[in-house]
Amino acid sequence: MTTLNFLFCTSIALLVAYLAARSYTVRRVPLEKAFNENDGRLKFALEASHTGAWDLDLIDHTAVRSLEHDRIFGYTELLPSWTYEVFREHVLPEDRETVDAKFRYAIENKSDWNFECRIRRADGVVRWIWAVGQHQRDSSGQVRRMAGIVQDITERKDVEEKLSELNQRLTYHVDNSPLAVIEWGPDMRLIRWSGAAERIFGWKAEEVLGKKMEDFRWIYEEDQKQVSNVSDDLTTGTNPRRFSANRNYRKDGAVVYCEWYNSSLVDSFGKLRSILSLVLDVTERNRAEKALKDSEERLRRFYDAGLVGVIYWNMKGQITDANDKFLEMTGYRREELVSGKIDWLKMTPSEYRALDEESARELKATGVNKKPFEKEYIRRDGTYLHVLVAGAMLDQERFNGVAFVLDITDRKQAEEVLKRDKETFEKIVYEKTRELIEAQMELERSRHLSDIGILAATVAHELRNPLAAIGMAAHNINRKVKNSDIDKHIATIEKKVTESDQIINNLLFYSRLKPPHYERVNIFDVLGESIESISDKDKKSAAIVRDIDPLKDVFIEIDPLQIKELFNNILNNACDAVALQNAMLKITAHNGDNFIKVVVEDNGVGIEKHALDKIFDPFFTTKAKGTGLGLSVCKQIINMHGGKISVESEVKKGTSVTIVLPKKERKKEQAA
């Protein structure tokens, strides 16, 4: 029985008599003597334990209580009256529902009322209380009252909270430690099994607590005797601190290698209280050590075989050991190696230092070079040695390492020959292919121009004379007959005659286009004349924005007639593309070191993507009226001048044409 339960049972017995004596004032004098002795003992017990007493009338919820009761709630003197509702107001809002529920349950089931909650005292201080009450029956056996005690347990709750926090922290650290924490009782039964123990051995705590080690298959058979000796030393006190390295079974039957750090705890009489074991799983470490040992043995055989150079080195640059193959490759003697005169840092040319530093960082971080890398070493005689190197670290400090060195000098020389031959072959293929393409293009162009020339000559011969006669007749009619209706038709005839004549001129110009006749001219003036010309002809009143000042006083060698034809064609196309309203043309220029660039932009209808690849083809046009020769002529002019022309366009947003012409002076024989 706990101290609180004992206090409660004793207090209730005395409390009933004490409170009954105070409540029945008619019988007070006879009862006072009868209960005087009990009253004194009760007061002493309650005050000594800071416990308040109360007696609650379950009918009207009024209560008779002791002074200590009211003091717990922050009052220095007894209040005139006290009810369950007054008590409830002191309970913090978040605890009221629980207190009410327990009160109702006690009333309905005639059971004890036992609870803990927080209250706010009269002075505003929040405290924890514990209260308990029992039902009291009257002479007829009816339950009309409940008597009980209340105690301030704030200090106890603070201690419990601190202990709980401390226990949580300790449990957390124990469970998350790589060391398993296992504790044995005096009878060598398991009483603690941490989370790390579960991870290492596979059994849950509930599966092993209360068992002895021989109750389940846990100790490796060959290590049973060793473990038994350690256990005897610990239980008898012969050696209260024992280390053991042995094998254990996991729940799944796998074997783990463990290091056990054991200590026994005895009381002042020398009696064993418990044994604490800290267990470290070293399975992976043992495997790594064995693998390293096997690797070192294989490396030693490889080292002595002399297939490749092998060196042992450190981060200071020293080569502490090397096989004969490496010494043969680099020309050093073993005496120089033993005396510490071979330094891999000094053997490395400066252009490979950065590569070595990168390799060292990788070795520091991962312990191994994931990929071999190529570098050079300087031989003892000063010549250079091409090598392929890969290294690995040999210690946890990442200071000492081993490296394999393969001489790739022959391979590098072969690569150089292949590279040179490959470049030569590619150059020959490129030149021959270019010549073949140019010849094919020239042949095609010549055939095409020949066809166009014949067509142009025929058209010019067959059409120009009739067109001249039609034009002359229209002129005579217009001169002799003054009639407004006829004037409009005459104007249409003259316009169509002019357009037809222009088509014939374009055909003749395209078919008779000759190599440029170069002159050193001011490109600003040529471009300006074309812009002025288009401004005069523009019937759509397009806004023309020009930014060509960068070309002022810039002289380049061009055929001025052809370049003017180029600018005229581009500007005419831009004017034709824009709408009647809100039309805008923008001409910008850039003066580069070796070239000049002119960009013509419009906000016209744009060109469909599928048509962009064909716009420089002869007779291809997107206009309702036109020959489709303008841009083809422009392309030829640009090509003959060694320049470039490109077009970018977006439907309903406009088109941008970029013209690039070289500034480099041409040789006299080219210009001739």
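The values are calculated or read from the model by the stated rules, or taken from the named source; none is laboratory data. Predicted model only: the values in this text are computed from it and were never measured. Heads up, the Cβs are rebuilt from the backbone with ideal geometry, glycines too, and the neighbour counts pull from every protein chain shown. Ligands, DNA and RNA are stripped out before the accessible areas are found, and what is left, the full protein with its side chains, is counted by its heavy atoms. Shrake-Rupley method; radii C 1.70, N 1.55, O 1.52, S 1.80 Å.
Need the failing condition index for residue 331 against (1) within 47 Å of the chain's Cα centre (by Cα); (2) under 21 Å from residue 409 (Cβ atoms); (3) surrounded by 12 or more Cβ atoms within 10 Å (Cβ to Cβ), just the number. In the conditions (1) within 47 Å of the chain's Cα centre (by Cα); (2) under 21 Å from residue 409 (Cβ atoms); (3) surrounded by 12 or more Cβ atoms within 10 Å (Cβ to Cβ), residue 331 misses (1) alone.
So which residues in segment 191-222 are part of a strand (DSSP E or B) and under 21 Å from residue 257 (Cβ atoms)? The answer is 193, 219.
Considering only residues in segment 50-83 that are out of contact with any His (no Cβ under 9 Å at 6 or more places or on another chain) and of a type in the set (A, V, I, L, M, F, W, C), the one that is least open to solvent (accessible area, probe 1.4 Å) turns out to be 56.
Do we find that residue 132 is surrounded by 11 or more Cβ atoms within 10 Å (Cβ to Cβ) and not in a strand (DSSP E or B) in this structure? Here the answer is no, as residue 132 does not meet what is asked. Inspect all residues belonging to segment 382-392 and state whether any of them is within 24 Å of residue 368 (Cα to Cα), in contact (Cβ under 8 Å) with a residue 40 or more places away in the chain and hydrophobic (A, V, I, L, M, F, W, C). Yes, some residue in segment 382-392 is within 24 Å of residue 368 (Cα to Cα), in contact (Cβ under 8 Å) with a residue 40 or more places away in the chain and hydrophobic (A, V, I, L, M, F, W, C). Residues of segment 334-363 being under 44 Å from the mean Cα position of the chain (by Cα) and either of a type in the set (Val, Ile, Thr) or loosely packed, with under 13 Cβ neighbours inside 10 Å (or both), which ones? Residues satisfying the conditions are 346, 348, 349, 350, 351, 353, 354, 357, 358, 361.
Residue 583 meets each of the listed conditions (1) within 20 Å of residue 646 (Cα to Cα); (2) crowded, with 19+ Cβ neighbours inside 10 Å apart from (1).
In segment 91-106, the residues that are without any contact (Cβ under 8 Å) to a residue 24 or more places away in the chain reach residues that are among the aromatic types (Phe, Trp, Tyr) and open to solvent by less than 50 Å² (accessible area, probe 1.4 Å) with C-beta atoms within less than 7 angstrom, at least six apart or across chains, in these pairs: 99/115; 102/113; 102/115; 103/113.
The sole residue among 177, 139, 164 that is among the hydroxyl-bearing types (Ser, Thr, Tyr) and open to solvent by 80 Å² or more (accessible area, probe 1.4 Å) is 139.
Across segment 249-263, a minimum of one residue is classified as polar (S, T, N, Q), farther than 22 Å from residue 284 by Cβ, over 44 Å from the mean Cα position of the chain (by Cα) and surrounded by 17 or more Cβ atoms within 10 Å (Cβ to Cβ). The residue that is least open to solvent (accessible area, probe 1.4 Å), counting only those in segment 366-414 that are basic (Lys, Arg) and under 21 Å from residue 332 (Cβ atoms), is 375. When 127, 145 are screened for being surrounded by 16 or more Cβ atoms within 10 Å (Cβ to Cβ) and more than 19 Å from residue 61 (Cα to Cα), only 127 passes.
Taking segment 586-596 as the range and being within 20 Å of residue 533 (Cα to Cα) and open to solvent by 70 Å² or more (accessible area, probe 1.4 Å) as the test, only 586 passes.
Quick grid of which residues meet (1) under 22 Å from residue 617 (Cα atoms); (2) surrounded by fewer than 14 Cβ atoms within 10 Å (Cβ to Cβ); (3) modelled with pLDDT under 75:
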residue: 450; (1), (2), (3): yes, yes, yes
residue: 461; (1), (2), (3): no, yes, yes
residue: 466; (1), (2), (3): no, yes, no
residue: 473; (1), (2), (3): no, yes, no
residue: 477; (1), (2), (3): no, no, no
residue: 480; (1), (2), (3): no, yes, no
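Filter segment 97-110 for residues that are exposed (fewer than 13 other Cβ atoms within 10 Å of the Cβ) and either small (Gly, Ala, Ser) or over 21 Å from residue 73 (Cβ atoms) (or both) and give the result. The answer is 101, 104, 105, 108, 109, 110. Looking at segment 490-570, the strands (runs of 3 or more DSSP E) lying wholly inside it that each contain 2 or more residues that are farther than 19 Å from residue 586 by Cα and either at pLDDT below 80 or open to solvent by less than 20 Å² (accessible area, probe 1.4 Å) (or both) sit at 555-558. For segment 205-241, filtering for residues that are free of Cβ contacts under 8 Å to residues at least 24 places away in the same chain, open to solvent by 40 Å² or more (accessible area, probe 1.4 Å) and not acidic (Asp, Glu) leaves 11. Mind listing whichever residues of segment 92-121 are aliphatic (A, V, I, L, M) and in contact with a Ser or Thr (Cβ under 9 Å, 6 or more places away or on another chain)? Result: no residue meets the conditions. Each residue in segment 164-182 was checked for being out of contact with any helix residue (DSSP H, G or I) (no Cβ under 7 Å at 6 or more places or on another chain) and at pLDDT 90 or above, and 0 of them qualify. Whenever a residue of segment 642-657 is at positive phi, its partners that are loosely packed, with under 14 Cβ neighbours inside 10 Å and not in a strand (DSSP E or B), lying with C-beta atoms within less than 9 angstrom and at least six residues away or across chains, give the pairs 642/664.
Identify, from the list 642, 604, 626, the residue that is in a loop (DSSP other than H, G, I, E, B) and modelled with pLDDT under 85. The conditions single out 626. Looking across 89, 94, one residue alone is within 60 Å of the chain's Cα centre (by Cα), farther than 24 Å from residue 160 by Cα and open to solvent by 80 Å² or more (accessible area, probe 1.4 Å). It is 89.
Looking across segment 180-204 at every residue that is of a type in the set (Phe, Trp, Tyr) and touching a residue at least 24 places away in the same chain (Cβ under 8 Å), the one that is surrounded by the most Cβ atoms within 10 Å (Cβ to Cβ) is identified as 201.
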